[in-house]
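Peer 1: Got a structure here, written out as C-alpha cells. Questions coming.
The values are calculated or read from the model by the stated rules, or taken from the named source; none is laboratory data. Computed from a predicted structure; not experimentally measured. Here Cβ is always computed from backbone atoms with ideal geometry, including for glycine, and neighbour counts include all displayed protein chains.
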Amino acid sequence: MVSTLLEQGWITSDAVRAAFAAVPRERFAPEASAQAAYAADDVVITKRNAAGRATSSISAPWLQAAMLESAALRPGAQVLEVGSGGYNAALLAEIVGPSGRVVTVDIDPFVTERAARFLAETGYGHVQVVLGDAEHAAHAHAPEGGFDAIVVTVGVWDVPWGDLLAPGGRMIVPLRFATVTRALTLVPEGDHFAAVEATVCGFVPVQGAGSFQDQEAELAKGAVRLTRETGPSLDVDALERALTGERTELWTGVTVGRGEPFDSMHLFLASTDDRFGMIWADHERGGADLVDLALRWSCPVLITPDSFAYLTLRDADSGSGERRLELGTHGHGPAGPALAEDLRQHVLGWDAGWRARTDPHFLLYPADAAVSPPRQGKIYVKRHTQLIMSWDEDQRKSTR
Ligand SMILES: C[S@@+](CC[C@H](N)C(=O)[O-])C[C@H]1O[C@@H](n2cnc3c(N)ncnc32)[C@H](O)[C@@H]1O
C-alpha cells in the first residue's frame, strides 16, 4: 500500500510515509480481509443505515494520504479530526509525535467506542476520542490559540470550525456545493479563508445539526438517483416514467482521452446552469442497465421536475490509434430533448472556452460578510459561511 501511494504521488513527505508504514491499518478494520484493508484506493465500510447507505467507513488510503499531505503537520502540532474511525487519528498521532495532540470527534457511539478501543490496542491511547456532534462538540476541546490543523473526514455542506483554527493553520474540508464535493485545503487570509488546493473526492454525508438534504429523486427502487441542491420540487413519479420512457441521444464531437479527468466541466456546469445536479447509478441494483453514465458512479445532469438529461460517452475514432471517447447527452421525459440539447451546448461551450482554463479558485467568507459576486463563477450561501467559486483572475489567491 505504501509503495503504491508513493508511486501514485499521494505520499510526498517522509513524515506521511513513516506514519503509513507504522500504523497497522488492518487493526482498525477487522471486518475486512488484509487485502481489502490495504487496497490503496478502497474504503472499508464499517456501518450502514437502514436504507443500506454507508454512514461510517475507514477512508481510502489515497485520500487519507492526500489530506495528510495537505495538512502539512509538524511534530508538536495540535490537530482536530472531525469524523473518527481510529486509523486516520493514529496516522495524525504518528506525525505530530508525543509532543503533539490529536482530538477526534464522532457523532456515533458505535464509532467512538471502536475507535477508542483500536487506538488503545495499537498504542495510540493518548488520542482524545470525543463523542458528540462536531457542529458544537469540538469547541470545548480547542486549545486557547486554536488548532494548528483541522482535518474533516466526513462530507460537509458548511464549515462551522473557522474560529477554532490557529492563525497560520490549515483546514482540510470535503465541502459539498451544488451536489459536488471538493476537499478544500483552506488557509486564513484576512477576513476569509482561501483554498490552496481542491481535490475531487467523496465522503459519507455529515449527520446532525450540520446536515443538509439535497433534493433527491430515487428511481427504479434506488437503482438510479437524481440529486439537485435547489430549485422546484421534483416529481418522482414523472421522473420514474421519464426514466423508462423514450430517450433522446445527442453527440457533441467533443472527445476526452481514456482516463482523462473532466471534472472542471462539472464546476463549469454548476456555475452556468441552475438545473445542474448529479445522477447516480447503483450497480448492485441494476442501475447500469438503465442509464449509460459518462462516469461509473455519478455524473452531471440537468434536472427539471419531470425530465432530465445526463452526460454519456461512446468510443470515438481518433484516427491516430489513441483510444478517445466522445461526449454525448441522453435526455428523458417531456423536456428531455430540449435538456439534452442544452447540455450538448454546454459541453461545446466548455470545450471552446473553458476546457483549457485553470480550475476555479475557492474563497470562504462568514455568512454575513459583504462580498462582491465573481464576474465568472458563483456564490453558495450556507448557514455559517458563503463559498465563492470564481474564475476571476484578480480574486485568485496570492499564496497559491
Ligand atoms: C468516513 S468516516 C471517518 C473516517 C475516519 N476518520 C478514518 O479513520 O478513516 C466519517 C465519520 O463521520 C461521522 N460523522 C457524521 N456526522 C458527524 C458529526 N456531525 N459530527 C461528528 N462526526 C460525524 C460518522 O459517524 C463517520 O464515522
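Peer 1: May I ask you to verify whether residue 317 is surrounded by fewer than 23 Cβ atoms within 10 Å (Cβ to Cβ), assigned by TED's automatic domain parsing to the domain that holds residue 272, more than 26 Å from the chain's Cα centre (by Cα) and free of Cβ contacts under 8 Å to residues at least 60 places away in the same chain? Full working, then the answer.
Peer 2: Working: surrounded by fewer than 23 Cβ atoms within 10 Å (Cβ to Cβ): yes; assigned by TED's automatic domain parsing to the domain that holds residue 272: yes; more than 26 Å from the chain's Cα centre (by Cα): yes; free of Cβ contacts under 8 Å to residues at least 60 places away in the same chain: yes.
Criteria met by residue 317.
Peer 1: Name the pairs whose Cβ atoms lie under 6 Å apart, with the first residue in region 282-294 and over 25 Å from residue 324 (Cβ atoms), the second crowded, with 19+ Cβ neighbours inside 10 Å and of a type outside the set (Phe, Trp, Tyr), and 6 or more positions between them or separate chains?
Peer 2: Short answer, once both residue conditions are applied: 282/223; 285/223; 286/223; 287/223; 287/224; 287/281; 290/223; 290/224.
Peer 1: Residue under question is residue 194, and the condition is that it be modelled with pLDDT of 95 or more and over 22 Å from residue 56 (Cα atoms); does it hold? Step through it out loud before you land on a result.
Peer 2: Working: modelled with pLDDT of 95 or more: yes; over 22 Å from residue 56 (Cα atoms): yes.
Against the criterion (modelled with pLDDT of 95 or more and over 22 Å from residue 56 (Cα atoms)), residue 194 qualifies.
Peer 1: Okay, next question. Going by the conditions given, is residue 340 surrounded by 15 or more Cβ atoms within 10 Å (Cβ to Cβ) and free of Cβ contacts under 8 Å to residues at least 60 places away in the same chain? Don't jump to the end; show me each part of the working.
Peer 2: Numbers: surrounded by 15 or more Cβ atoms within 10 Å (Cβ to Cβ): yes; free of Cβ contacts under 8 Å to residues at least 60 places away in the same chain: no.
So residue 340 fails the test.
Peer 1: Taking into account only those residues within region 53-77 that are near the ligand (Cβ under 9 Å from one of its atoms) and in contact with a strand residue (DSSP E or B) (Cβ under 7 Å, 6 or more places away or on another chain), which is farthest from residue 169 (Cα to Cα)?
Peer 2: Here the answer is 54.
Peer 1: Considering only residues that are farther than 18 Å from residue 333 by Cα and among the acidic types (Asp, Glu), look in region 208-261 and name the one that is surrounded by the most Cβ atoms within 10 Å (Cβ to Cβ).
Peer 2: Looking at the filtered set, the residue picked out is 229.
Peer 1: Limited to region 274-296, what total is found for residues that are of a type outside the set (Gly, Ala, Ser) and within 17 Å of residue 176 (Cα to Cα)? I'd like the intermediate steps shown before the answer.
Peer 2: We begin by selecting, within region 274-296, every residue of a type outside the set (Gly, Ala, Ser); these are 274-276, 278-280, 282-285, 289-293, 295-296.
Narrowing the set further to residues that are within 17 Å of residue 176 (Cα to Cα) leaves 274-276, 278-280.
Matching residues across region 274-296 total 6.
Table: residues versus (1) of a type in the set (Val, Ile, Thr); (2) more than 8 Å from the ligand (Cβ to nearest atom); (3) within 10 Å of residue 131 (Cα to Cα); (4) not assigned by TED's automatic domain parsing to the domain that holds residue 29.
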{"position": "79", "(1), (2), (3), (4)": "yes, yes, no, no"}
{"position": "86", "(1), (2), (3), (4)": "no, no, no, no"}
{"position": "92", "(1), (2), (3), (4)": "no, yes, no, no"}
{"position": "95", "(1), (2), (3), (4)": "yes, yes, no, no"}
{"position": "99", "(1), (2), (3), (4)": "no, yes, no, no"}
{"position": "103", "(1), (2), (3), (4)": "yes, yes, no, no"}
{"position": "108", "(1), (2), (3), (4)": "no, no, yes, no"}
{"position": "111", "(1), (2), (3), (4)": "yes, no, yes, no"}
{"position": "114", "(1), (2), (3), (4)": "no, yes, no, no"}
